[in-house]
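The values are calculated or read from the model by the stated rules, or taken from the named source; none is laboratory data. The structure presented is a predicted model; accordingly, all values stated were derived computationally and were not measured. Heads up, the Cβs are rebuilt from the backbone with ideal geometry, glycines too, and the neighbour counts pull from every protein chain shown.
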Amino acid sequence: MSEKSPPRRISGRSTALLTLASLIWGFAFVAQSAGMDHLGPLSFNGTRYFLGCAVLLPLVLIRRRGAGKSGGSSASPKTLWLAALSCGVVLATATGLQQVGIIYTTVGKAGFITTLYIIIVPIMGVFFKKRVDAIIWIGALLALLGVYLLCVGEGFTLNRGDILVFLCAIVFSIHILCIDHFASRIDSIILSFMQFFVAGSISCLIGFPLEKPLIADFIAAALPLAYVGILSCGVAYTLQIIGQRDADPAVAALVFSLEAVFAVLGGFLVLNQRLTARELVGCVIMFAAVVLVQLPLGRKFSAPKP
């Protein structure tokens, strides 16, 4: 009689890879803020996603070649484009809100507010008649308190950047649900490539006529664009795929929540953006809420990144 293997949690190698991915994503907020010195938000986003496509293209070709040799089935063109359009439109909307919001708020606050998708996603499950554990509601209340301390100033005023990033977190939650719907039907790398292509096309088609960027603007923003396009979209996404092979999804999501901490660290080290004591307390409470909702291991959770 064979013994049951212990539940898969996370290996040291996976922890290192996922932490590195979180660090890249956290510092991406700094690059996004720096990019706004030269490009409009939509032009910046459109270019970053096309760079992400370029990085993922070799992986897409390898996957398609491997599927052809093994005789594996692939999604129909109709399903592929439906997934690409659905995920791409939502992704373009979410990152557009985030990019504009970063203009009016600090990268640290933006990082923590965006991380709220970890709590918003299961709450959205109520609309699909899914049971929400009590710990999720507790986490939501803690997160709400954290958001209040982090974002609401004297006289109950809200920074418009914080509002835009909070809306971004809601739309990112919808994006996660879209990914969850299509993930079992389409190869993850191909889906990511296609959604990047759609999101990049939408952002450029709207952004270029409105923002009228010049070649000199793209050259000036080359370093931030390279970071978010190559490292954030390409390298970190690959690290996520490799790292999650040996990790419980709930534990992996907990590691990903470090993105918010790295965003604050990056804002302090690179942009000299400091949080007040009240805002730091709000960050700590929000991070505690994110950790809390991940404690019951075994809960299925998927949090793909843009």
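Counting only residues that are hydroxyl-bearing (Ser, Thr, Tyr) and within 24 Å of residue 111 (Cα to Cα), region 147-202 holds 4 of them. Considering region 145-166, and only residues there that are surrounded by fewer than 17 Cβ atoms within 10 Å (Cβ to Cβ) and aliphatic (A, V, I, L, M), the residue that is nearest to residue 282 (Cα to Cα) turns out to be 145.
When restricted to residues that are in contact (Cβ under 8 Å) with a residue 40 or more places away in the chain, over 15 Å from residue 88 (Cβ atoms) and β-branched (Val, Ile, Thr), region 190-238 contains 4. Taking the stated definitions as given, is residue 31 modelled with pLDDT of 90 or more and not β-branched (Val, Ile, Thr)? Yes.
Those helices (runs of 4 or more DSSP H) of region 77-143 in which 1 or more residues are farther than 20 Å from residue 40 by Cα and modelled with pLDDT under 80 occupy 117-124. In region 181-191, of all residues being within 12 Å of residue 86 (Cα to Cα) and of a type outside the set (Phe, Trp, Tyr), the one that is surrounded by the most Cβ atoms within 10 Å (Cβ to Cβ) corresponds to 191. With respect to (1) of a type in the set (A, V, I, L, M, F, W, C); (2) modelled with pLDDT under 80; (3) buried (at least 21 other Cβ atoms within 10 Å of the Cβ), the lone exception for residue 67 is condition (3).
Criterion applied to 227, 237 was being outside any loop (DSSP other than H, G, I, E, B), closer than 26 Å to residue 13 by Cβ and modelled with pLDDT of 90 or more, and the one residue passing it is 227.
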